[in-house]
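Everything on this sheet refers to the single structure shown next.
The values are calculated or read from the model by the stated rules, or taken from the named source; none is laboratory data. These numbers were taken from a predicted model, which means no experiment stands behind them. Backbone-built Cβ (ideal geometry, glycine too); neighbour counts: all protein chains shown. Accessible surface areas use protein heavy atoms only, side chains included; no ligands, DNA or RNA. Shrake-Rupley method; radii C 1.70, N 1.55, O 1.52, S 1.80 Å.
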Amino acid sequence: MVPELTVEQIEKLTDIVFLPTVAPQPCDVIFVFGGTYPGHWQKAIDAYHKGYGARVIVTGGVKPNAFKHPTWPDAQMPESEGIRAKLIEGGVEPDDIVVENRSRNTLENVLFAQEVVDFSTVCSMLFVGKSFCAGREYRTLTQNVPFPIRYIPFGFDAEYYGHFIPRHEWMRSTTGRDLVLGEYLKIRRYGRLGHVLPLKQEIDGIE
């Protein structure tokens, strides 16, 4: 059950879950978190053609029990392989794509990607995923990549049950409130476990 939220709590949730707004800019690589929503490849294609990164790292294996977007063609296809095919259709050069195809969650996306890419050569990274997952993705990268990298979010607004979940309107629907509060609770829990960068200060009144 989502409690009644104050204006201050909403503002803090927005900054933690979506991250503060940052303009996209050219980076060494584009990192695509695993998923089956078209936004995963559409935003990566957009970033590539706008010159925000010349190399694309695509992550994601098979998640048998995960919700699949209705347009996803094959439940047994690794997410990264499906995204890679769409990237090539969208004009991304195959030689510019690196694939990690075993991971089943955000933490594994980051850990397993380091087995196929030398992150010590990367100074800046544009990362692609759902906009309301940006905070957890950023904290996962920061906690688990042992090199100083500048991270720039480049997210997309995903649709759930007929509602998009954008930064400035998530609080207007029950679905948005459920998902955003759930992300905050994940960040708090995984931070306490050491899986993501812990919160410097938790939000008062949200248990």
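Can you tell me the order of 34-44, 98-108 when each peptide is scored by its average per-residue count of other Cβ atoms within 10 angstrom, highest first?
Result, highest mean Cβ count within 10 Å first: 34-44, 98-108.
Compute the label zone of Val22 within segment 184-201: residues whose backbone N is under 15 Å from the point 7 Å along Cα-to-Cβ.
Flagged as within label range: 197.
Could you tell me how many degrees, from 0 to 90 and to the nearest 10, lie between the Cα long axis of helix 174-193 and the main elongation axis, the longest principal axis, of the Cα atoms of the chain?
80
Let's see if you can work this out: charge +1 on each Lys and Arg Cβ, -1 on each Asp and Glu Cβ, no other charges. What is the dipole magnitude of the chain about its Cα centre, in debye to the nearest 20?
Magnitude of the dipole: close to 280 debye.
Cα-Cα over 22 Å: which of Lys68/Lys200; Lys68/Lys130; Lys50/Lys86? Mind dumping the intermediate values first?
Details: Lys68/Lys200 34 Å; Lys68/Lys130 14 Å; Lys50/Lys86 17 Å.
Violating the 22 Å Cα-Cα cut-off are Lys68/Lys200.
Students often check this: by mean Cβ neighbours within 10 Å, which of 180-187, 78-85 ranks highest, and how do the rest follow?
By packing density, highest mean first, the sequence is 78-85, 180-187.
If you count only protein heavy atoms and use a 1.4 Å probe, how large is the accessible surface of Cys123, to the nearest 10 Å²?
Probe radius 1.4 Å; accessible area of Cys123 about 90 Å².
Rounded to the nearest 5, what is the percent of antiparallel bridges among the DSSP beta bridges in the chain? Can you show the working numbers first?
Values: 2 of 18 bridges.
Bridges in the chain are about 10 percent antiparallel.
For segment 44-170, with every protein chain kept in place, what is the accessible area per residue (1.4 Å probe, Å²)?
Here the per-residue accessible area is 47 Å².
Can you tell me the FRET efficiency between Thr6 and Tyr161 if r is taken as the Cβ-Cβ distance and R0 is 22 Å, rounded to the nearest 0.05?
0.30
Residue separation times 0.36 nm, minus the C-alpha to C-alpha distance between Leu185 and Thr142: what's the value?
Extra length from Leu185 to Thr142 when fully extended: 13.7 nm.
With a 1.4 Å probe and all protein chains left in place, how much of the accessible area of segment 1-95 comes from carbon and sulfur atoms, in whole percent?
Ligands and nucleic acids excluded, carbon and sulfur give 54 percent.
With unit charges on the beta carbons (Lys and Arg positive, Asp and Glu negative) and the dipole taken about the Cα centre of segment 124-205, which residue among His195, Ala134, Ile165 sits farthest to the positive side?
About the Cα centre, the residue reaching furthest to the positive side is His195.
Can you compute the modelled spin-label distance between Glu93 and Asp178, with each label point 7 Å from Cα toward Cβ, in nm?
4.5
Extension gain Cys123-Lys86, at 0.36 nm per residue separation less the Cα-Cα distance, in nm?
This chain segment gains 10.7 nm when fully extended.
Among Asn144, Gly60, Ile88, which residue has its Cα furthest toward the positive end of the charge dipole of the chain, with +1 on Lys/Arg Cβ and -1 on Asp/Glu Cβ?
Asn144
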